[in-house]
Every structure is written in structure tokens, then in C-alpha cells.
Amino acid sequence: MAIDREPGVTLWRQIERVLADEIQRGIMTPGAQLATEHQLAERFGANRHTVRRAIRELKTRGLIRVEQGRGTFVHENVMDYALGPRTRFSANLKAQERRPAGMLLEAAAVAATGRIAEGLGVAEGAPLIYLTTLSFADNVPVSLGRHYLEFERFRGIDEVFRETPSMTLALTRFDIHDYTRGRTRITARMPSAEEAGLLRQPPNRPVLKTEYIDVDVNGRPVQYGITLFAGDRVQIVTDPRNPDATDRTDASTSM
């Protein structure tokens, strides 16, 4: 499919406008992979150098991202992730009209050590349940979670999570119907190759890391969590003027 060539407008600019329009109208959805330079050159009846110039302009505008060895993708809209007393993954997404989903990747029994033991208020070496989860927004992975919980108190929570899959719903099976964020530490680091693969992002792009403790209504630690967010898809937002902003959606439907 060739384009109608406008007099006085360079061909690469016309190609860039057509592709930008398709992205902005949702014909090419966030995260979708663009056709190859060769395919686009055939579509528009242009040479690859001209197509490359159009792609470079789309990248400059922030509409696409180029991943070395993988291809060119429509840039996902950056998601605001609100941190507050009751931070819930699903509530955050539904407030932005995004579809949440989650899956359990791993469950294991581990021994408590260091900051994890201190945060949960247990002795070094105490048995814990360790869960690794992957969370999605509109079928795009946005966060990789690692959860540590007391083994005896939450025995079997891995099976419950497979059913839901929601940490908030899973905790209700253990009479935890409300919990709040005790503290959160936010840092940035480079992902491992495995982490980058799970989050479908280049290994040379940083992730946002939150390390936190959730507590029940009596102030007893519920879980020690570490979450890695895809840095180019998520920005963390705190608003002291509206500390309960994350309660806009019923917590019973939240992750």
C-alpha cells in the first residue's frame, strides 16, 4: 500500500505521519511490534533509508521504542502507580481503566534472613513462604513481585493465589481482610537477564524497585515484599494531600 505523495512534503515525513496517526488512533496498540523496515518500504513504495528516517522521528517523538535484536514496538503509555496506606495493584489499574492480571511463577519454603527477618519480626532462620508473581496491565507485564510470609501463619497461600490470583483475595482466606503499608523503600537498578525477559524489556534499561512491609489492623507484619516495575512503563506517584487515593476501588478486587 503506497501513500498519496503530497507535493512539498518529504516522503519520510508523510510515512511518519501515517504511522503516527495509526498509533494515536489505536490501530497499532501499545506494545505492538511494527513491521520490519523492509515490509514498511514495500508498503509505502519507498527505500529503507527513507523508512528509517521516519522511524527515527517516531522514536524522537516517544511514540515507539527500538529494542536491539528484537524489533520496534509501539511505546506503552506510562502508568501512574499510586503509593498510599492501602496500595493495591488492581485498584491502581482500574482507576486508570486498565485491565489487571497476575500469575504465580514460583513458590518455595525459605529461611528468614537479614532485613526480611527484621521486617517480619521473626528470628533469623525462621521458615517463610516465598512467592514470585508477575503482574500485567492490559496483557503487558509491568511488575515482578517477590513476597515473603510466615510459613505457619500462611501455609497454603500459594495454592490460594493460583486460584485468585490476587494477594489481597488470598489473604482474606487467612482472615486478613484489611492491611496497610508499613513503609516503602524506592530505588532503581539494572535488571538481571531473567528479570528483563519476564518484564519484556531490554536488559540495559533500569527497573524501579520498591521494598515494603504490609501490616494488619493490629500492626502485625503480614508480608515483606519486593517489587520490580518496568521503568519505562510505570512511574510511582505519592500524594500526601490524598493519602487514601488508592482506595478508590474496592480492596476485595485488588492485588
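Rule-based calculations on the coordinates, nothing more; no lab input. In this text the structure is predicted, and so the values were computed from the model without any measurement. Reconstructed Cβ throughout: ideal geometry from the backbone, glycine too, with neighbour counts over all protein chains shown.
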For helix 11-24, what angle does its Cα long axis make with the longest principal axis of the chain, in degrees from 0 to 90 and rounded to 10?
-> 30
Grab the beta carbon distance between Asn47 and Asp80, set R0 = 35 Å, and tell me the FRET efficiency rounded to 0.05.
-> 0.30
Relative to the longest principal axis of the chain, what angle (0 to 90°, nearest 10) does the C-alpha long axis of helix 48-60 take?
-> 40
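Stretch Glu152-Ala95 to full length: gain in nm at 0.36 nm per residue minus the Cα-Cα span?
17.0 nm
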Hey, what number do you get for the chain at 222 nm if only DSSP H runs of n ≥ 4 count, each worth -39500 (n - 2.57), divided across all residues, to the nearest 500?
-> -7500 deg cm²/dmol
Mean-square fluctuation maximum in Gaussian network of the chain, Cα pairs under 10 Å, restricted to Asp80, Asp138, Asp175, hits Asp175
Roughly how many nanometres apart are two label points built 7 Å out from the Cα toward the Cβ at Arg185 and Ala109?
-> 2.8
